[in-house]
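These notes are about the structure you will find just below.
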Amino acid sequence: MFNDIGPLELVTLVVLAVLVFGPEKLPKMIQDVTRTIRKIREFSESAKADIREELGPEFKDFDFEDLNPKTFIRKQLDNDELGLKEIRNGFDLKKEMAEVTDAVHSRESESSSSASSGSAGGSVDMTKKREKLDPDERPPYDADAT
């Protein structure tokens with residue numbers, strides 16, 4: 001229930017509770033809070049049991065945590081029937097990124113060393129080269145770009 005509360009936060013909460021309620025009323029407040037939490041848990045468990053009873057025997061293994069979208073999606077993605085594990089294992093993102101990085105770095109070194117040679121080794125030159133226009137010529141118009 002309190003998985004994300006660290007020791008410093010817990011001490012801060014205890015000090016704050018002592019300051020707000022006082023040392024005399026604090027034990028009674030703790031008892032009231034624990035009693036209320038216990039009643040809420042009993043109520044939710046009885047509601048779950050009633051819902052399972054109303055759904056019938058075919059929903060015996062129904063888990064209410066499956067109604068959480070994150071849990072539902074995680075459970076469906078972990079399902080081996082879809083074959084997603086093979087796809088996930090076949091796709092190596094680090095390897096792909098390393099190949100792209102190597103291609104970009106080698107392309108930059110090739111373009112700086114042989115800027116006038118055009119496309120080398122079957123790769124495409126993606127750099128924009130501005131054509132020289134005559135003084136009376138209008139630049140080309142691209143309807144999709146505007």
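At a glance:
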read-out	value
Residue that is farthest from Ser44 (Cα to Cα), among those in the stretch 57-87 that are modelled with pLDDT of 70 or more and in a loop (DSSP other than H, G, I, E, B)	Asp78
Test: residue in the stretch 93-111 that is more than 23 Å from the chain's Cα centre (by Cα), aliphatic (A, V, I, L, M), at pLDDT below 75 and over 30 Å from Phe21 (Cβ atoms)	no
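The values are calculated or read from the model by the stated rules, or taken from the named source; none is laboratory data. Source: prediction; values computed, not measured. Glycine also receives a Cβ, built like all others from the backbone with ideal geometry; neighbour counts cover every protein chain displayed.
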